1. Return the residue satisfying two criteria in turn: it lies in the stretch 86-102 and is farther than 20 Å from ASP38 by Cα and not small (Gly, Ala, Ser), and of such residues it is farthest from the chain's Cα centre (by Cα).
2. On the basis of being basic (Lys, Arg) and within 16 Å of the ligand (Cβ to nearest atom), does ARG308 make the cut?
3. So is GLU189 touching a residue at least 60 places away in the same chain (Cβ under 8 Å), under 28 Å from GLN97 (Cα atoms) and surrounded by fewer than 22 Cβ atoms within 10 Å (Cβ to Cβ) or not?
4. On the given criteria, is TYR407 assigned to a loop (DSSP other than H, G, I, E, B) and either over 19 Å from the mean Cα position of the chain (by Cα) or within 16 Å of the ligand (Cβ to nearest atom) (or both)?
5. Which helices (runs of 4 or more DSSP H) sit wholly inside the stretch 1-89 and have at least 2 residues that are open to solvent by 30 Å² or more (accessible area, probe 1.4 Å) and in contact (Cβ under 8 Å) with a residue 40 or more places away in the chain?
6. Could you say which residue among PRO117, PRO169 is within 21 Å of the chain's Cα centre (by Cα) and either more than 16 Å from the ligand (Cβ to nearest atom) or among the polar types (S, T, N, Q) (or both)?
7. Against the condition farther than 24 Å from HIS197 by Cβ and among the basic types (Lys, Arg), how does ARG242 come out, does it pass?
Amino acid sequence: MAAEAQRFPAEFRWGAATAAYQIEGAWDADGKGASVWDTLAHRHGGFAGGSTGDVACDHYHRLDEDLDLMGRLGLTSYRFSVSWPRVQPDGRAAWNQAGLDFYQRLVDGLLFRGIEPVLTLYHWDHPQAVEDRGGWLNRAMAGWFADYAEGMGRRFGDRVAQWITVNEPLSVMLASALGSSRPDGPLGEDSLVVAHHLLLAHGLAVRGLRGAGVRGQIGIALNLAGVEPAGDRPADLTATARAEAHEERLFLDPLLTGRYPLFDGRPVVECSAADRDLITTPIDFLGVNWYAPARIAAGPTGLFGYARADFPGAEQNMLGWPVLPDRFGVLLRWLAANYPRLPPVHITENGLPLPDAVEHGAVRDPLRIDYLSRCLAQIREAMDAGMDIRGYHVWSLLDNLEWNFGYEPRFGLIHVDYDTLARTPKDSYYWYRDFIAAQRRQPKEPAWHG
Ligand code: IFM
């Protein structure tokens, strides 16, 4: 869709997002400690196809090249995550200066190019050393995380535009429930303890950052889908209410209302007044990661007793998610209608995985362009209806390691050849570049003629 047809406010932020473990590589360089994902990768012979994040996109060694690609794309915002064990190898106390230097170079390189840094403190790769002390099952983890947040705030607080405490706590919780992110195996119902500790860690980190005097805004990024029932049988409706409690409200409700949602009539987690105070520590924005809606049917599968159903006739992407960009607005309208105290929203991730390949020096990805432009149209509509949305980040800047799924699902605006590590901008990169440029060329307010 032509940018001219979709005007966004001049101050709207145009971004792309990445995460440390998925792109950096250099898994043990310059004093970095092992993360829980390093342990997993090395213990089980790698993820899909034997892949690991050991080298990934080698972003750690190719920072300048990647910064230049961002500059030429015309981004005004870049969301990255800090690898906690790169800067604090044991997750407590001692800091690793070489790791800090890397992020200093990144932040300075962004600011030099007029790109606002959006720093995520936790995108899943916590130090193995804190996992060995119980990880998210240990309430003390929230305090260690807050110390790390405060230390980062003191070091980067004058230059980071936005801070994101935790990325997708629901994914962390689900992955621990199923065992896909834990060297020690599945947690099952204990994953609710993980959920609660993640929220405490978030609240403590917000306070730690504010205590450190950071100048930027502070928020959290949640992955939300938008659930709808597969049918009108009472069992499908009950299942959908459960899915809503689990997938949408489990983190939103405590953060924005101070109460955990009810699940079959009872709050999913018992929460003390002191914990509630911490969790509701005010935030400046809510980050929303959106990829696909969810259709729910009755079924005993999973911790919460509901099943996912296919959307009739919908295409599925490489990860099996329905490709229904026009449903983004359903989720946005649901958010606005259900949370009167919703802070300003930033879309912190949105993208489509494809099996992109370089042919004759180019990567043709029209499906991604179509998906992204439809999502943007949904955002624009929600804003026209009064929703306060202030920024948008494509997932992802670069093709990268899609966790357990390996390197085959490619989300990037830039193709990465994992043999040579060569970068090739895809058609979607040029489309997004032109889209951003057209937005920035918006006509000025008409001059006043006296
Ligand atoms: O790659 C992930 C990212 O790390 C978190 N959000 C979803 C993306 C695509 O699955």
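1. GLN97
2. yes
3. When the stated conditions are applied, GLU189 does not pass them.
4. yes
5. 63-73
6. It is PRO117.
7. No; evaluated as a whole, the condition is false for this residue.
Condition check ((1) within 16 Å of the ligand (Cβ to nearest atom); (2) out of contact with any helix residue (DSSP H, G or I) (no Cβ under 9 Å at 6 or more places or on another chain); (3) in a helix (DSSP H, G or I)) across all residues:
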residue: MET318; (1), (2), (3): yes, no, no
residue: LEU331; (1), (2), (3): yes, no, yes
residue: ALA337; (1), (2), (3): no, yes, yes
residue: LEU342; (1), (2), (3): no, no, no
residue: THR348; (1), (2), (3): yes, yes, no
residue: ARG368; (1), (2), (3): yes, no, yes
residue: TYR392; (1), (2), (3): yes, no, no
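The values are calculated or read from the model by the stated rules, or taken from the named source; none is laboratory data. In this text the structure is predicted, and so the values were computed from the model without any measurement. In this analysis, Cβ positions are derived from the backbone assuming ideal geometry, glycine residues included, and neighbour counts consider all displayed protein chains. In case anyone asks, the SASA skips ligands and DNA or RNA and just uses the protein heavy atoms, side chains included. Shrake-Rupley method; radii C 1.70, N 1.55, O 1.52, S 1.80 Å.
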